[in-house]
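Q: One structure coming up, written as structure tokens, with questions to follow.
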Amino acid sequence: MAEPEQQSNQPETAELVVSAERHQQLYDIVSYVKGLHHHIDPDMYDIPLKQLEELEWCVDGVEFESEGDKEWYGFTMPVSWRDLCFIETNVMAADTYSHRKTTGYRVESLTDQGFDDLMKWLVKAEDDLFRSRRKQA
């Protein structure tokens with residue numbers, strides 16, 4: 001009887017497919033946010049350092065897979081709804097602080113359009129991985 005309750009307490013997870021380009025962007029964003037974490041307003045962006053370090057571990061040192069003759073440059077990452085929201089928060093914080101003169105520098109690999117594209121990809125991932133499942137249930 002206790003087993004089903006434990007399962008219902010576990011967050012629902014899904015596999016997020018991350019291309020090599022997205023991997024680089026996420027890696028750059030996490031590194032950027034970690035580098036200026038002490039400057040980020042916690043009332044504006046709730047980014048616990050421990051959770052940020054866990055995300056850093058997920059996007060650091062990923063080895064790309066190959067399947068037979070075909071190389072697939074990317075990886076899959078198990079994520080919950082909360083994980084995706086946390087990734088979005090980091091992207092928004094990096095975007096915001098990249099535009100502040102007081103920060104002194106930007107995320108090197110991302111333009112404004114790059115930030116927009118990354119957010120669109122994350123919102124689409126939320127729809128595909130979680131919202132569509134809830135509509136079907």
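The values are calculated or read from the model by the stated rules, or taken from the named source; none is laboratory data. Small disclaimer: the values here were computed from a predicted structure and weren't measured. Every residue, glycine among them, receives a Cβ derived from its backbone with ideal geometry; neighbour counts consider all protein chains shown.
Q: From the list 8, 66, which one is among the small types (Gly, Ala, Ser), assigned to a helix (DSSP H, G or I), surrounded by fewer than 11 Cβ atoms within 10 Å (Cβ to Cβ) and at pLDDT below 90?
A: Exactly one of 8, 66 is among the small types (Gly, Ala, Ser), assigned to a helix (DSSP H, G or I), surrounded by fewer than 11 Cβ atoms within 10 Å (Cβ to Cβ) and at pLDDT below 90, namely 8.
Q: Are any residues in the range 39-63 part of a helix (DSSP H, G or I), at pLDDT below 95 and either more than 14 Å from the chain's Cα centre (by Cα) or of a type in the set (Gly, Ala, Ser) (or both), and if so, which ones?
A: 39
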